[in-house]
Amino acid sequence: MTDTDGPATGSADCFDLAVRAYLRRHPLATVVALGEGLGTGFWRLDNGSLEWLTVELPEAAAMRRILMPDGPRRRTIACPAAGTDWPSAVRAPEHGVVVVARGLLMFLPPPGVRALLAVCAERFPGGALVFDTVPRRCAGRAGPRGGAATERDAPPLLWGMDAADRPKLASAHPNIVAVREVPPPDRGPLAGRLARWRGRVPLLRSAAPAVTEIRFGRPGSAPADPERAAGRRSR
(Lines give C-alpha, C1' and ligand atoms only; values in the text may rest on other atoms or scores of the structure.)
Protein backbone atom coordinates (compact mmCIF):
# COMPACT_ATOMS: atom_id res chain seq x y z
CA MET A 1 0.00 0.00 0.00
CA THR A 2 1.48 3.33 -1.01
CA ASP A 3 1.32 6.70 0.69
CA THR A 4 -1.53 7.71 -1.60
CA ASP A 5 -3.47 4.53 -2.33
CA GLY A 6 -5.67 2.43 -0.11
CA PRO A 7 -8.13 3.39 2.61
CA ALA A 8 -8.25 7.06 3.46
CA THR A 9 -8.08 6.21 7.13
CA GLY A 10 -6.22 8.68 9.24
CA SER A 11 -3.75 11.29 8.06
CA ALA A 12 -0.23 10.55 6.85
CA ASP A 13 0.74 13.69 8.75
CA CYS A 14 -0.42 12.05 12.00
CA PHE A 15 1.82 9.05 11.35
CA ASP A 16 4.80 11.25 10.53
CA LEU A 17 4.15 13.34 13.64
CA ALA A 18 4.19 10.27 15.90
CA VAL A 19 7.26 8.72 14.26
CA ARG A 20 9.25 11.95 14.39
CA ALA A 21 8.42 12.34 18.09
CA TYR A 22 9.66 8.81 18.75
CA LEU A 23 12.84 9.40 16.75
CA ARG A 24 13.62 12.52 18.76
CA ARG A 25 13.75 10.28 21.84
CA HIS A 26 15.43 7.35 20.04
CA PRO A 27 17.43 8.66 17.05
CA LEU A 28 18.99 5.24 16.32
CA ALA A 29 15.64 3.45 16.33
CA THR A 30 14.33 1.08 13.68
CA VAL A 31 11.13 2.10 11.90
CA VAL A 32 9.18 -0.98 10.81
CA ALA A 33 6.67 -0.20 8.05
CA LEU A 34 4.13 -3.01 7.77
CA GLY A 35 2.44 -3.38 4.38
CA GLU A 36 4.09 -0.22 3.09
CA GLY A 37 4.11 -1.15 -0.59
CA LEU A 38 5.81 1.68 -2.48
CA GLY A 39 5.55 4.14 0.39
CA THR A 40 8.20 6.86 0.67
CA GLY A 41 8.23 7.33 4.43
CA PHE A 42 11.98 6.71 4.70
CA TRP A 43 12.81 9.80 2.66
CA ARG A 44 10.36 11.96 4.60
CA LEU A 45 11.45 10.84 8.04
CA ASP A 46 15.14 9.94 7.71
CA ASN A 47 17.15 11.63 10.45
CA GLY A 48 20.48 10.33 9.13
CA SER A 49 20.79 7.52 11.67
CA LEU A 50 17.56 5.51 11.78
CA GLU A 51 17.10 2.02 10.34
CA TRP A 52 14.10 1.36 8.08
CA LEU A 53 12.53 -2.06 7.62
CA THR A 54 9.68 -2.59 5.16
CA VAL A 55 7.63 -5.77 5.66
CA GLU A 56 5.65 -6.89 2.61
CA LEU A 57 4.23 -9.99 0.97
CA PRO A 58 6.69 -11.63 -1.49
CA GLU A 59 5.28 -10.16 -4.72
CA ALA A 60 5.06 -6.63 -3.32
CA ALA A 61 8.49 -6.98 -1.67
CA ALA A 62 10.04 -8.01 -5.00
CA MET A 63 8.47 -5.04 -6.77
CA ARG A 64 9.69 -2.63 -4.09
CA ARG A 65 13.25 -3.97 -4.31
CA ILE A 66 13.22 -3.37 -8.07
CA LEU A 67 11.88 0.17 -7.88
CA MET A 68 13.44 1.11 -4.52
CA PRO A 69 16.60 -0.99 -4.09
CA ASP A 70 17.66 -1.58 -0.50
CA GLY A 71 20.31 0.72 0.96
CA PRO A 72 22.67 0.69 3.95
CA ARG A 73 19.91 1.70 6.38
CA ARG A 74 16.85 0.59 4.42
CA ARG A 75 15.75 -3.00 3.87
CA THR A 76 12.71 -4.84 2.53
CA ILE A 77 11.80 -8.34 3.69
CA ALA A 78 9.19 -10.70 2.29
CA CYS A 79 7.03 -11.74 5.20
CA PRO A 80 3.35 -11.53 6.21
CA ALA A 81 2.87 -8.28 8.11
CA ALA A 82 0.47 -10.02 10.49
CA GLY A 83 2.89 -12.90 11.09
CA THR A 84 5.33 -13.50 13.92
CA ASP A 85 8.59 -13.92 11.95
CA TRP A 86 9.41 -10.35 10.94
CA PRO A 87 10.37 -9.09 14.46
CA SER A 88 13.52 -11.25 14.22
CA ALA A 89 14.66 -9.09 11.29
CA VAL A 90 15.05 -6.03 13.54
CA ARG A 91 18.81 -5.85 14.05
CA ALA A 92 19.08 -3.61 17.10
CA PRO A 93 15.80 -3.49 19.06
CA GLU A 94 17.68 -2.10 22.06
CA HIS A 95 17.97 1.22 20.19
CA GLY A 96 14.19 1.50 19.96
CA VAL A 97 11.53 0.28 17.53
CA VAL A 98 8.48 2.10 16.19
CA VAL A 99 6.12 -0.01 14.11
CA VAL A 100 3.91 1.74 11.56
CA ALA A 101 0.79 -0.04 10.27
CA ARG A 102 -1.09 2.31 7.96
CA GLY A 103 -4.21 0.96 6.26
CA LEU A 104 -3.57 -2.55 7.56
CA LEU A 105 -5.24 -3.47 10.84
CA MET A 106 -8.78 -2.92 9.58
CA PHE A 107 -8.25 -5.84 7.18
CA LEU A 108 -7.29 -8.23 10.00
CA PRO A 109 -9.79 -10.21 12.08
CA PRO A 110 -10.02 -9.02 15.71
CA PRO A 111 -7.94 -11.95 17.05
CA GLY A 112 -5.28 -11.11 14.47
CA VAL A 113 -5.19 -7.50 15.64
CA ARG A 114 -4.71 -8.52 19.26
CA ALA A 115 -2.05 -11.04 18.25
CA LEU A 116 -0.08 -8.37 16.38
CA LEU A 117 -0.29 -6.01 19.35
CA ALA A 118 0.88 -8.77 21.67
CA VAL A 119 3.83 -9.72 19.45
CA CYS A 120 5.02 -6.11 19.26
CA ALA A 121 4.58 -5.61 23.01
CA GLU A 122 6.49 -8.79 23.80
CA ARG A 123 9.38 -8.23 21.40
CA PHE A 124 9.87 -4.46 21.61
CA PRO A 125 9.75 -3.12 25.19
CA GLY A 126 10.37 0.59 24.99
CA GLY A 127 8.94 0.64 21.48
CA ALA A 128 5.72 1.91 19.95
CA LEU A 129 3.08 0.93 17.41
CA VAL A 130 1.22 3.53 15.34
CA PHE A 131 -1.84 2.50 13.34
CA ASP A 132 -5.10 3.80 11.94
CA THR A 133 -8.61 2.48 12.43
CA VAL A 134 -12.06 2.82 10.93
CA PRO A 135 -15.18 3.10 13.10
CA ARG A 136 -16.63 -0.18 14.31
CA ARG A 137 -19.73 0.27 12.16
CA CYS A 138 -17.54 -0.02 9.04
CA ALA A 139 -16.48 -3.60 9.84
CA GLY A 140 -17.93 -6.02 7.31
CA ARG A 141 -17.98 -3.51 4.48
CA ALA A 142 -15.73 -3.63 1.45
CA GLY A 143 -12.63 -1.54 1.90
CA PRO A 144 -11.74 1.11 -0.70
CA ARG A 145 -8.87 0.43 -3.06
CA GLY A 146 -6.83 2.56 -5.39
CA GLY A 147 -6.80 2.38 -9.16
CA ALA A 148 -9.71 0.98 -11.14
CA ALA A 149 -10.67 -1.74 -8.67
CA THR A 150 -14.35 -1.83 -7.85
CA GLU A 151 -15.89 -2.22 -4.42
CA ARG A 152 -16.74 -5.81 -5.38
CA ASP A 153 -13.01 -6.52 -5.82
CA ALA A 154 -11.99 -4.93 -2.53
CA PRO A 155 -11.37 -7.09 0.55
CA PRO A 156 -13.79 -6.59 3.44
CA LEU A 157 -12.95 -4.52 6.46
CA LEU A 158 -12.79 -7.01 9.32
CA TRP A 159 -12.04 -4.82 12.34
CA GLY A 160 -13.18 -1.43 13.49
CA MET A 161 -12.68 0.55 16.68
CA ASP A 162 -14.55 3.47 18.21
CA ALA A 163 -12.95 5.97 20.56
CA ALA A 164 -14.56 4.24 23.55
CA ASP A 165 -12.80 1.00 22.56
CA ARG A 166 -9.29 2.47 22.66
CA PRO A 167 -8.59 1.78 26.37
CA LYS A 168 -9.40 -1.91 25.82
CA LEU A 169 -6.29 -2.26 23.64
CA ALA A 170 -4.17 -2.25 26.79
CA SER A 171 -5.53 -5.69 27.67
CA ALA A 172 -3.77 -7.30 24.67
CA HIS A 173 -0.49 -7.64 26.62
CA PRO A 174 0.90 -6.63 30.04
CA ASN A 175 3.74 -4.72 28.35
CA ILE A 176 1.31 -2.14 26.93
CA VAL A 177 1.85 0.86 29.19
CA ALA A 178 0.28 3.70 27.20
CA VAL A 179 -2.48 4.15 24.62
CA ARG A 180 -3.35 7.48 23.04
CA GLU A 181 -5.00 9.01 20.01
CA VAL A 182 -2.52 10.90 17.85
CA PRO A 183 -3.96 14.41 17.37
CA PRO A 184 -3.78 15.97 13.92
CA PRO A 185 -0.95 18.45 13.34
CA ASP A 186 -1.69 22.01 14.35
CA ARG A 187 -3.00 23.79 11.27
CA GLY A 188 -3.91 27.03 12.95
CA PRO A 189 -6.36 28.22 15.63
CA LEU A 190 -9.53 27.51 13.63
CA ALA A 191 -8.51 23.96 12.72
CA GLY A 192 -7.54 23.30 16.32
CA ARG A 193 -10.90 24.53 17.62
CA LEU A 194 -12.77 22.41 15.08
CA ALA A 195 -10.77 19.31 16.06
CA ARG A 196 -11.46 19.90 19.76
CA TRP A 197 -15.16 20.48 19.05
CA ARG A 198 -15.36 17.24 17.09
CA GLY A 199 -13.71 15.42 19.97
CA ARG A 200 -16.40 16.62 22.38
CA VAL A 201 -19.31 15.42 20.23
CA PRO A 202 -19.74 11.65 20.78
CA LEU A 203 -21.40 10.98 17.42
CA LEU A 204 -18.70 12.76 15.43
CA ARG A 205 -15.91 11.34 17.56
CA SER A 206 -17.03 7.74 17.03
CA ALA A 207 -17.65 8.24 13.29
CA ALA A 208 -14.23 9.61 12.39
CA PRO A 209 -11.18 7.54 11.41
CA ALA A 210 -8.38 7.88 13.93
CA VAL A 211 -4.68 7.27 14.40
CA THR A 212 -3.60 5.56 17.62
CA GLU A 213 -0.19 5.12 19.25
CA ILE A 214 0.55 2.31 21.70
CA ARG A 215 3.71 2.35 23.79
CA PHE A 216 5.39 -0.72 25.19
CA GLY A 217 7.34 -1.21 28.40
CA ARG A 218 7.68 -3.86 31.07
CA PRO A 219 4.79 -4.98 33.31
CA GLY A 220 4.31 -2.36 35.99
CA SER A 221 6.61 0.18 34.34
CA ALA A 222 5.48 3.80 34.16
CA PRO A 223 4.74 5.30 30.74
CA ALA A 224 7.13 7.89 29.37
CA ASP A 225 4.37 10.48 29.63
CA PRO A 226 1.99 10.13 32.62
CA GLU A 227 -0.70 11.96 30.66
CA ARG A 228 -0.70 9.14 28.13
CA ALA A 229 -1.08 6.22 30.48
CA ALA A 230 -2.95 3.21 29.11
CA GLY A 231 -6.63 3.98 28.90
CA ARG A 232 -6.26 7.77 28.94
CA ARG A 233 -6.83 9.94 25.91
CA SER A 234 -4.36 12.75 25.35
CA ARG A 235 -5.80 16.22 25.15
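Laid out as a table, the results:
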{"item": "Counted charge near Ser49, where neighbours are those whose Cβ lies closer than 14 Å (Asp, Glu -1; Lys, Arg +1)", "result": "+4"}
{"item": "Accessible area of the stretch 56-111 divided out per residue, in Å², using a probe of 1.4 angstrom", "result": "50 Å²"}
{"item": "Cβ crowding within 10 Å averaged over residues, with 165-177, 120-132 ranked highest first", "result": "120-132, 165-177"}
{"item": "Semi-axes of the equivalent ellipsoid for the stretch 70-134, Cα gyration tensor, largest first, Å", "result": "20, 14, 11"}
{"item": "Cα-based equivalent ellipsoid, the stretch 98-144: semi-axes from gyration tensor eigenvalues, Å", "result": "23, 11, 7"}
{"item": "Charge context of Arg73, other residues only, Cβ under 9 angstrom, K/R +1, D/E -1", "result": "0"}
{"item": "Tail beyond 23 Å, pair distance distribution of the stretch 1-110 (Cα, percent)", "result": "22 percent"}
{"item": "Sulfur and carbon atoms: percent of accessible area, the stretch 29-144 [1.4 Å]", "result": "61 percent"}
{"item": "Prolate/oblate/rounded call for the stretch 37-177, Cα gyration tensor, a/c under 1.5 rounded", "result": "oblate"}
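The values are calculated or read from the model by the stated rules, or taken from the named source; none is laboratory data. This structure is a prediction, so every number in the text was calculated from the model and none was measured. In this analysis, Cβ positions are derived from the backbone assuming ideal geometry, glycine residues included, and neighbour counts consider all displayed protein chains. Each accessible area value is taken on the protein alone, full model and side chains, heavy atoms only, with ligands, DNA and RNA left out. Shrake-Rupley method; radii C 1.70, N 1.55, O 1.52, S 1.80 Å.
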